[in-house]
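Asker: Encoded as structure tokens, here's the structure I'll be asking about.
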Amino acid sequence: MGRYAQLALLAVLVSYCSSCSGWLFNKKERRFLRWLKNNGAVLADGISIDKVEWGRGVLTSKPLKAKDTLLTLPEHLIISAQAIVSSDRLTEEEIDVFKGLRYDGAIITTFLVREKALGKASFWHPYLDLLPDAIPRPANWSADELELLEDAAIQIDAMSDQQRLQQAHAVSLPALDRLLQALPASLRKRAAPVMHSFETYAWADGIVQSRALTFQGQRRLIPFSDFLNYAPHHQARPYSNGAFFLEHHLLFWQGSAMTATVLVDRDTPAGSQVFEDYGDNPNVIYLLYHGFVPAQRNPFDCVSMELRRPTAHASDNRNLEQLRHQLLNKLRLSSSPTLCVTADAASWANARVWHALAVVSMDEAQVRACRATLDGRSCAGLGSFFSEAERSAVVAAAVERRLSEYSTSLQEDERMLAKRKRASEGGRLSANALTAVAYRRWQKVLLQDITTTLSRSRESIDGSAASDSASSAAAQEAQETAAAAAADAASTAPPDIAVDASSSDAGGDGRSELQARVDAFNAWVQEAVGCGVNKLRVQVIDGYRIGAVATEPIAAEEVYLTVPLSAVMNAATAAAHPVLGPVIASLQEQPQWSDPDALMLQLMHERFVAREASAFWPYLALLPTLEEYSVPLTYSDAEVELLRGSDMHAAVVRYRAEVHAAFDRLYGAGGLAAAPETAFVTRERYLWAEAVTSSRAIWWNHKRNMVPLLDAVNCGQGPPGSRPHATRLDESGRFAVTAAAWAFDAGEQVLENYGQPNHIYLQYHGFVIKDNRMDCVRVLDFSPPPDASRETIMRVRRIFSRTPNACVNPYSVPMEFAGWLRIMAGLPYPPRGGISWGSVLDAAGLQAVVDWAQARIGKYDMAVFQSSAAAQTSNGRVVREFIESEVDLLMGMVARFGKMLEARRAEEAKRLEAEARLQAAHSEGGTPGATGMGAGAVAA
């Protein structure tokens, strides 16, 4: 064949291969799509997956419209903790292993490790084989790459994530070993290195952190949808806590069967990549969890900056610092106020941040004046402490400080990114380094935009100063007139409505009366639920007062109750109330009024005013009275004192004071909500409503709901691996649906795991769960010792990016908490080795943890439970259980961190011994290199 003929044939082959490149080069992608369709998934026509820059993406050969269905996936193609523990592909032994893991994330991560080890033998292999080999999160970056971010807070978060990952892997090893032994012998040898590998576990954890979607508090991997790459939506929208994303990612139930549906969120032309908006997240979320930075501007991005007071006082001294710190604690404010700032000045109006800055800017007289007028979380003059011009100046100073911390300019970053050449392509920067530069570049762009906003704000303030002065006097006069009118209304309000004493559970045969109310409620609830699902009935249960029992066997994840929203009370029903609605509407714009206030108001009206005329009366009559509530809100002072030694003592004291202050603010003389229509609200009724809503409300869509019958389901931890409680709305949005987290026999009490640590159970529910898998010791007291130097006080302030608050247990110590312990112990922080767990928890750091835990144990006075009369009450016994649970956790910390300390010291001893041997060898044989060629060179 001649040369020209060969070239012609080659051209034909190249042309042919170009037309069938998908067939030749997309083998994995085609296998995955075929696997999806063969197992019941439905994809929109013309959809494919292909390689794009930085990974894989979804492409379409046909035009798509917003709200078109992109994917429908059956439940058996969704990976979730519930699906894993009920899988028919696993043996009973393997399922028991997964049930023994604590969280849904750990269950899914461990499952992915197992399936990865199985290789092609796994049902999920076509999906897993298409996933990236690693997620480039900062937790996996080198120290040099992290340094390029020039953001200490992200470095701390990344190091914390590294420690979490190491701890999680260590905890999972016994489970992984049991899963390995359960595999067929023919697979075990090949699977062992993969299942024991930290790299595999880190990969699986990265997949869960970056690709799992959370619905109703539960994580799920939805194959195919996780290949949709991010691009911000072209239509501007306000922040809505992720509602836009959830509008396009839906779960539907038909009976007990579930399907997932993904909708297109924008028009997409043929031949394009299909993008989606991941929600209302700043870039730091995409960086930390997904390992990328958006190429386009993210409208929800912000710059986190610490705000500092404009000027120092000449009277500043240690006593004033302590007074400010005490006031901050009373107001539950951070001593280092941090604001995430956008170019929109409206985003700067975070009241609590400015309140905190106001406190740290006060002189002694102002601090004492504020303390004298404390009202819940505010005091007189706190909101108006700074003028608009002063706030702008504070933000401007923070922007200037943040810009000065960067070692490069915006233009230099843009030049680095313009080359866009990774190290693997012959460039000087790694892919992670380029991501770091891209992140800081967007931060600088935003800081530049904020500077522009500040300039416009200054011009506006300067131009309207005169008119503001005039309008201020008018506004003050109007405010005084409104206050006088409110006082007149309060003075003419009708007297409080009396409560029929016979309606109380006190007196008479309490149990028989309670049984009569239970019977009336069961009859009422059947009609209220209507044609919905109800496999429960309420029953008097010793030790619980009442509870819900199964009327028939209930399988795990089987729906046992659907309650129509017409039988539910919430803020929306309160706003629609014929009597209370106008009052609530007039309060909606007040910053001190909230949705829970509206719900409590309706609850009190239905119970104490409407009474038998209320559609909810059989439910309301069954609720405990204030006297029956055994929660810290209703404890005697002596019972509260039993909490001494625990930080929960201060928390409970503050909570009780805040509830009373809230009543005074809303319904006291001249209160915000004081009106003839609300005259029935008394302090005792308000306390009752607070106790009811805090202990019984069911949450969905971030709002409280009073759900009859469902709130009679008591708390229980459940078998290992069982998930926490979740209630959702069905696809029609008209029914609240609850499925069992584990199985129950007919006649057995149905329980739900509320999924909280014991300090939450104690404060709001009045009980404690023994061996609670979610438990931790709450730490609120971060105040330096009275003799601490000013330098120590400032170091403590700088360490916390938020209000000081930590919850610790033998397996979890937050980085900020560990840093605080180092400072309190007089150790360097950041340590010389930088901010990493290896350096923060060096031998001295581990000793600080052990010392702190032992000191905390010493604060408890266990003898009081023998000598105090309050300790013999039922409340006192619950407090004792709570204190004992905290002591158990602290003793566990002493044991675990003590062992780590011994190991660290042993390593140090070995290192010193090796250095000594090396030094001895050098002394005996002379310094290497002093003879031979070296000596000859010198002689020459």
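The values are calculated or read from the model by the stated rules, or taken from the named source; none is laboratory data. Not measured: the values here are computed from a predicted model. Quick reminder, even Gly has a Cβ in these numbers, built from the backbone with ideal geometry, and neighbours come from all protein chains shown. In case anyone asks, the SASA skips ligands and DNA or RNA and just uses the protein heavy atoms, side chains included. Shrake-Rupley method; radii C 1.70, N 1.55, O 1.52, S 1.80 Å.
Asker: Is at least one residue of region 119-131 more than 20 Å from GLN209 (Cβ to Cβ), touching a Pro at 6+ places or on another chain (Cβ under 9 Å) and either open to solvent by less than 10 Å² (accessible area, probe 1.4 Å) or assigned to a loop (DSSP other than H, G, I, E, B) (or both)?
Answerer: Looking through region 119-131, none of the residues is more than 20 Å from GLN209 (Cβ to Cβ), touching a Pro at 6+ places or on another chain (Cβ under 9 Å) and either open to solvent by less than 10 Å² (accessible area, probe 1.4 Å) or assigned to a loop (DSSP other than H, G, I, E, B) (or both).
Asker: Tally time: how many residues in region 618-655 are assigned to a helix (DSSP H, G or I), in contact (Cβ under 8 Å) with a residue 24 or more places away in the chain and open to solvent by 40 Å² or more (accessible area, probe 1.4 Å)?
Answerer: 5
Asker: Sort through GLY819, GLY845, GLY858 and tell me the only one that's at pLDDT 80 or above, surrounded by fewer than 20 Cβ atoms within 10 Å (Cβ to Cβ) and not in a loop (DSSP other than H, G, I, E, B).
Answerer: After ruling out the rest, the residue left standing is GLY858.
Asker: Given the structure, is ASN281 surrounded by 21 or more Cβ atoms within 10 Å (Cβ to Cβ), in a loop (DSSP other than H, G, I, E, B) and modelled with pLDDT under 95?
Answerer: Taking the combined requirement at face value, the residue does not satisfy it.
Asker: Going by what's in this entry, would VAL274 be described as crowded, with 19+ Cβ neighbours inside 10 Å, farther than 20 Å from HIS76 by Cα, assigned by the TED database to the domain that holds GLY105 and of a type outside the set (D, E, K, R)?
Answerer: yes
Asker: Can you find a residue that is of a type outside the set (Asp, Glu), touching a Lys or Arg at 6+ places or on another chain (Cβ under 8 Å) and farther than 28 Å from ILE84 by Cβ anywhere in region 177-197?
Answerer: No; the residues of region 177-197 include none that is of a type outside the set (Asp, Glu), touching a Lys or Arg at 6+ places or on another chain (Cβ under 8 Å) and farther than 28 Å from ILE84 by Cβ.
Asker: Let me ask something else about it. Filter region 325-349 for residues that are closer than 19 Å to ALA389 by Cβ, open to solvent by less than 30 Å² (accessible area, probe 1.4 Å) and not in a loop (DSSP other than H, G, I, E, B) and give the result.
Answerer: Matches in region 325-349: LEU339, VAL341, TRP348.
Asker: Could you please find all residues in region 743-769 being of a type in the set (Phe, Trp, Tyr) and open to solvent by 30 Å² or more (accessible area, probe 1.4 Å)?
Answerer: If the condition is that a residue be of a type in the set (Phe, Trp, Tyr) and open to solvent by 30 Å² or more (accessible area, probe 1.4 Å), then TYR754, TYR764, PHE767 are the ones that fit.
Asker: Listed residues SER142, SER186, SER172; which is open to solvent by less than 20 Å² (accessible area, probe 1.4 Å) and polar (S, T, N, Q)?
Answerer: SER172
Asker: Looking only at region 867-888, count every residue that is touching a strand residue (DSSP E or B) at 6+ places or on another chain (Cβ under 9 Å) and open to solvent by 30 Å² or more (accessible area, probe 1.4 Å) and tell me the total.
Answerer: 0
Asker: Out of the residues in region 546-565 that are under 33 Å from the mean Cα position of the chain (by Cα) and open to solvent by 30 Å² or more (accessible area, probe 1.4 Å), which is farthest from VAL713 (Cα to Cα)?
Answerer: For region 546-565, the residue satisfying everything is LEU565.
Asker: Okay, moving on. Within region 508-531, restricting attention to residues that are at pLDDT below 80 and under 29 Å from LEU729 (Cβ atoms), which residue is surrounded by the fewest Cβ atoms within 10 Å (Cβ to Cβ)?
Answerer: CYS531
Asker: Can I ask one more? Which one of the conditions (1) of a type in the set (Lys, Arg); (2) within 19 Å of ARG89 (Cβ to Cβ); (3) within 28 Å of the chain's Cα centre (by Cα) does LYS120 fail to meet, given that it meets all the rest?
Answerer: The one condition LYS120 does not meet is (3).
Asker: Between ARG352, ARG371, ARG415, ARG402, which is among the charged types (D, E, K, R) and buried (at least 17 other Cβ atoms within 10 Å of the Cβ)?
Answerer: It is ARG402.
Asker: Further question on the same structure: Within the bounds of region 209-222, is there any residue that is closer than 19 Å to VAL97 by Cα, in a helix (DSSP H, G or I) and open to solvent by less than 50 Å² (accessible area, probe 1.4 Å)?
Answerer: no
Asker: Find the residue count for region 30-58, including only residues that are more than 23 Å from LEU434 (Cα to Cα) and either β-branched (Val, Ile, Thr) or not in a loop (DSSP other than H, G, I, E, B) (or both).
Answerer: Count: 16.
Asker: Which of the residues spanning region 790-814 are over 21 Å from ARG318 (Cα atoms), modelled with pLDDT under 80 and in contact with a helix residue (DSSP H, G or I) (Cβ under 8 Å, 6 or more places away or on another chain)?
Answerer: Across region 790-814, the qualifying residue is only SER801.
Asker: Only residues that are among the polar types (S, T, N, Q) and touching a strand residue (DSSP E or B) at 6+ places or on another chain (Cβ under 6 Å): list them for region 740-782, please.
Answerer: Of everything in region 740-782, just one residue is among the polar types (S, T, N, Q) and touching a strand residue (DSSP E or B) at 6+ places or on another chain (Cβ under 6 Å), namely GLN749.
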